[in-house]
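What follows is a single structure, written as structure tokens, with notes after it.
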Amino acid sequence: MARVIVDVLPKAEILDPQGQAVARAMGRLGVSGVADVRQGKHFVLEVDDSVDDAELERIAETLLANPVMEEWIVRRERNGQS
Amino acid sequence: MTARIGVITFPGTLDDVDAARAVRYAGAEAVSLWHRDTDLQGVDAVVVPGGFSYGDYLRAGAIAARSPVMGPVVDAARRGMPVLGICNGFQILCEAGLLPGALVRNTGLRFICREIRLRVEADTAWTSGFEVGSAITVPLKSGEGRFVADAETLDRLEGEGRVVFRYAEPAPNGALRDIAGVCSTDGRVVGLMPHPEHAIDPLTGPGADGLGLFTSVLGRLTAAA
């Protein structure tokens with residue numbers, strides 16, 4: 001078994017009004033210096049050895065992310081360790 | 001023979017009852033289809049109605065696009081069966097790959113619920129009864145209605161005359177190029193964010209402008225028979 005992390009974010013060129021709203025809220029907390037925020041999704045998958053990298057990429061591209069508006073990163077963690 | 005138009009219900013669909021009513025107002029028989037169905041019961045066309053299928057989990061329309069009933073819908077659409085996606089139905093057709101682009105959160109982050117004027121810009125299976133250039137008034141009610149696609153796709157859609165509906169004012173949801181609805185290359189699959197099925201009778205909506213989509217497709221089906 002392995003733990004796989006898939007992070008999905010709106011593409012940089014797609015306006016992310018939620019991320020912008022979060023960035024503005026930081027200003028109200030008195031935090032300065034945060035230039036930009038993009039809000040996305042974080043998936044944690046527990047997979048067995050039959051799931052190879054190509055299969056993980058297929059899962060990310062065809063289900064977890066929508067390539068029209070999102071980009072993604074697939075990261076494999078060994079034995080639950082980063 | 002009366003045309004039979006399927007109306008799909010997913011868990012979380014809201015507007016299937018109004019969509020079926022619009023089909024009947026237009027003079028066709030409405031056939032209820034369930035998300036787990038794998039047989040379209042021989043319908044002549046399909047309406048994918050609005051709502052919040054599967055609670056908008058993952059992305060609006062993402063789970064519904066991969067549900068059992070959508071397999072035969074995609075196959076039939078590729079063979080030329082007319083399909084209309086309204087609101088969440090439009091999101092589902094984009095997620096299923098039948099229509100280009102995607103629908104994302106409104107720029108103002110607010111859910112928009114009001115009447116809006118649209119310009120009809122293309123002659124399709126669902127708009128053949130309208131004059132190109134005419135305007136219709138229908139309700140818009142969505143939180144993720146902002147149409148996006150890359151510039152190349154937008155140019156292609158405009159160049160091929162596949163922008164079917166455009167907001168007659170700056171798009172309140174921030175939709176790129178004010179696009180409210182688009183169609184497939186053969187003009188038989190149409191998706192739009194606003195709700196024609198809520199505007200089929202002045203008693204229950206802003207007017208009857210929306211009925212034209214449903215009568216248009218009947219004209220096309222009869223002409224093809």
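Looking at the stretch B:155-166, I want the residues that are farther than 9 Å from B:CYS183 by Cβ and have a partner that is in a helix (DSSP H, G or I) with Cβ atoms under 7 Å, at least 6 apart or on another chain. Which pairs are those?
B:ARG166/B:ASP178
Restricting to the stretch B:26-36, give me the number of residues that are open to solvent by 40 Å² or more (accessible area, probe 1.4 Å) and assigned to a loop (DSSP other than H, G, I, E, B).
2
Results for (1) part of a loop (DSSP other than H, G, I, E, B); (2) crowded, with 23+ Cβ neighbours inside 10 Å; (3) at pLDDT below 95, shown as yes or no for each residue.
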site	(1), (2), (3)
B:ASP39	yes, no, no
B:VAL46	no, yes, no
B:GLY55	no, no, no
B:PRO68	yes, no, no
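From the set of residues in the stretch A:18-35 that are surrounded by 10 or more Cβ atoms within 10 Å (Cβ to Cβ), away from chain B (no Cβ under 14 Å) and of a type outside the set (Val, Ile, Thr), which is nearest to A:ALA60 (Cα to Cα)?
Among those that are surrounded by 10 or more Cβ atoms within 10 Å (Cβ to Cβ), away from chain B (no Cβ under 14 Å) and of a type outside the set (Val, Ile, Thr), it is A:MET26.
Please verify whether the stretch B:125-137 includes one or more residues that are aromatic (Phe, Trp, Tyr), within 24 Å of B:ALA20 (Cα to Cα) and open to solvent by 20 Å² or more (accessible area, probe 1.4 Å).
Scanning the stretch B:125-137, I find at least one residue that is aromatic (Phe, Trp, Tyr), within 24 Å of B:ALA20 (Cα to Cα) and open to solvent by 20 Å² or more (accessible area, probe 1.4 Å), so the answer is yes.
Are any of the residues in the stretch B:77-84 of a type in the set (A, V, I, L, M), away from chain A (no Cβ under 14 Å), touching a Phe, Trp or Tyr at 6+ places or on another chain (Cβ under 6 Å) and open to solvent by less than 20 Å² (accessible area, probe 1.4 Å)? Don't jump to the end; show me each part of the working.
To start, the set of residues in the stretch B:77-84 that are of a type in the set (A, V, I, L, M) comprises B:77, B:81, B:83-84.
Still in the list and also away from chain A (no Cβ under 14 Å): B:77, B:81, B:83-84.
If we keep only those that are touching a Phe, Trp or Tyr at 6+ places or on another chain (Cβ under 6 Å) too, we end up with B:84.
Remaining after also requiring open to solvent by less than 20 Å² (accessible area, probe 1.4 Å): B:84.
The answer is yes; a qualifying residue exists.
State all residues of the stretch A:1-17 that are acidic (Asp, Glu) and either in contact with a Pro (Cβ under 9 Å, 6 or more places away or on another chain) or open to solvent by 60 Å² or more (accessible area, probe 1.4 Å) (or both); if no residue qualifies, say none.
Selection gives A:GLU13, A:ASP16.
Pick from the stretch A:60-72 the residues that are in contact with a Leu (Cβ under 8 Å, 6 or more places away or on another chain) and in contact (Cβ under 8 Å) with a residue 40 or more places away in the chain: which of them is surrounded by the fewest Cβ atoms within 10 Å (Cβ to Cβ)? Full working, then the answer.
Initial filter on the stretch A:60-72 (in contact with a Leu (Cβ under 8 Å, 6 or more places away or on another chain)): A:63-64, A:70-72.
Now restrict to residues that are in contact (Cβ under 8 Å) with a residue 40 or more places away in the chain: A:64, A:70-72.
Details: A:LEU64: 20, A:GLU70: 20, A:GLU71: 16, A:TRP72: 19.
Looking at the filtered set, the residue picked out is A:GLU71.
Would you pick out the residues in the stretch B:112-127 that are farther than 19 Å from B:GLU197 by Cβ, hydrophobic (A, V, I, L, M, F, W, C) and either within 14 Å of another protein chain (Cβ to nearest Cβ) or out of contact with any strand residue (DSSP E or B) (no Cβ under 8 Å at 6 or more places or on another chain) (or both)?
Matches in the stretch B:112-127: none.
Out of the strands (runs of 3 or more DSSP E) lying entirely within the stretch B:106-151, which hold 2 or more residues that are hydroxyl-bearing (Ser, Thr, Tyr)?
Here the list reads B:135-142.
Can you tell me which of B:ALA208, B:ALA199, B:ALA180 is open to solvent by less than 40 Å² (accessible area, probe 1.4 Å), within 24 Å of B:LYS141 (Cα to Cα) and over 13 Å from the mean Cα position of the chain (by Cα)?
Result of the check over B:ALA208, B:ALA199, B:ALA180: B:ALA199.
State yes or no: is B:PRO72 within 30 Å of A:PHE43 (Cβ to Cβ), more than 14 Å from every other protein chain (Cβ to nearest Cβ), without any contact (Cβ under 8 Å) to a residue 60 or more places away in the chain and not in a helix (DSSP H, G or I)?
no
The values are calculated or read from the model by the stated rules, or taken from the named source; none is laboratory data. None of the values given here were measured: they were computed from a predicted structure. In this analysis, Cβ positions are derived from the backbone assuming ideal geometry, glycine residues included, and neighbour counts consider all displayed protein chains. Quick note on the areas: whole protein, heavy atoms, side chains included, nothing else; ligands and nucleic acids left out. Shrake-Rupley method; radii C 1.70, N 1.55, O 1.52, S 1.80 Å.
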